[in-house]
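Reviewing the structure listed below.
Just so it is clear, none of the values below were taken in a lab; they were calculated from the coordinates. Keep in mind it's a predicted model, so treat the numbers as computed, not measured. As a convention, Cβ positions derive from the backbone with ideal geometry for all residues, glycine included, and neighbour counts pool all protein chains shown.
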Amino acid sequence: MLRCSLCVHDERTAKIDIINGKPLCRECQIYLRHHPNRADVRKELEEIMAGVDKALVAYSGGKDSVVALYLAKEVYGIRKLEAVMIDHGLMAGEAIENARRIARHLNVPFTLLKYDYSDIFREALLKGQSPCRACSKRTMEKLRKYAAGKGYRYVITGHELPFGHHPYREMREGVVQIRLLSMMTEEERFGILEKLPFEFPELPGYTTNCLVLGPALERYWEKHGHSFEQRRIAALVRYGLMSREKAEEELRRPSVREEQRRLVFERLGLEEPFKRGRFTGR
Ligand SMILES: [Zn+2]
């Protein structure tokens, strides 16, 4: 099987061509033609941040949004900040406590909004699909509405720079999303986390807060034999933000604790297939 020589895609997850004797996926080919320049992206960010004195931080309690909150408060010194966390119903309890503790430590007001995303999670688990896109889309829309209602023009997030885009994005009703971690390496992120009272909950998948990701990855693995996070992680490797070794570790079949799997399935009313032993994992 061909593997991309630049990122971690292989023939299962991307189209791969041989270019100058080397296997390269289509996404890397585009990347090499339109190289995002780290300095330009950072400059664009600095320019927009210079005009921000009031913002909502989309705060999931995961490590990336914690880094975003730290930067907004300590590096950019934004005068009025609010850390808003959306609990989708299956957040790790430690992650919510962690989020609250760090917001208090940074002296930023913390708001927890509770919702029930069972519909998204149930469908993803039943169909063996990724819940991430639908979940994050709904969360961003709820945050946008909250921001518009409270007069915030800016929503700061811990998202990575998406393919070929700017570090900010116009949303509806004049709200602007700023991706404050654009082109920031894993190392830089960990350097900031070390300064904070951050305790990583041990969860499978590329998450430090979501209980659904592990079981959803397991289901996807059963069906497709690889992870649905391949594309996101391939982009991090391509941009030089994550090492290949770390990426390969992230993309291994997850090992989900029995109690986490049971909790998720029971909360979603999916205990029947679980009891039949279909989801016993490995
Ligand atoms: Zn590639």
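Okay, here's what the table says:
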read-out	value
Antiparallel bridge percentage (DSSP; both residues within the chain; nearest 5)	35
Positive dipole terminus of region 60-147, leading residue within Met140, Ile78, Ser60 (C-beta point charges)	Ile78
Spatial separation of Cα centroids for region 24-52 and region 57-76, in angstrom	20
Listed residues Leu106, Tyr154, Tyr117: farthest to the positive end of the dipole of the chain (Cβ charges)	Tyr117
Per residue Cα convex hull volume in Å³ - calculated over region 202-275	91
Förster radius 30 Å - calculated FRET efficiency between His35 and Lys195 (Cβ-Cβ, nearest 0.05)	0.40
Given charges at beta-carbon only (K, R positive; D, E negative), |dipole| of the chain in Debye	580
Computed log₁₀ I(q)/I(0) - Debye formula, equal Cα scatterers, no solvent, region 1-155, q 0.09, 0.19 Å⁻¹	-0.45, -1.11
Cα gyration tensor shape for region 48-98, rounded if a/c is under 1.5, else prolate or oblate	prolate
Considering only region 1-94, percent of DSSP beta bridges that pair antiparallel, nearest 5	50
Segment Ser118-Lys223, length gained on full extension (0.36 nm per residue, minus Cα span)	35.7 nm
Distance from region 244-267 to region 100-173 (C-alpha centre basis), Å	22
Label point distance in nm, Glu170-Arg262, each placed 7 Å from Cα along Cα→Cβ	5.3
Assigned charges on the beta-carbon of Lys, Arg, Asp, Glu; region 1-138 dipole about Cα centre (debye)	80
Cα-centred dipole magnitude for region 166-241, charges only on beta-carbon of K, R (+1) and D, E (-1), debye, nearest 20	380
For the chain, alpha-carbon Rg relative to the globular expectation (2.2 N^0.38 Å, N residues)	1.03
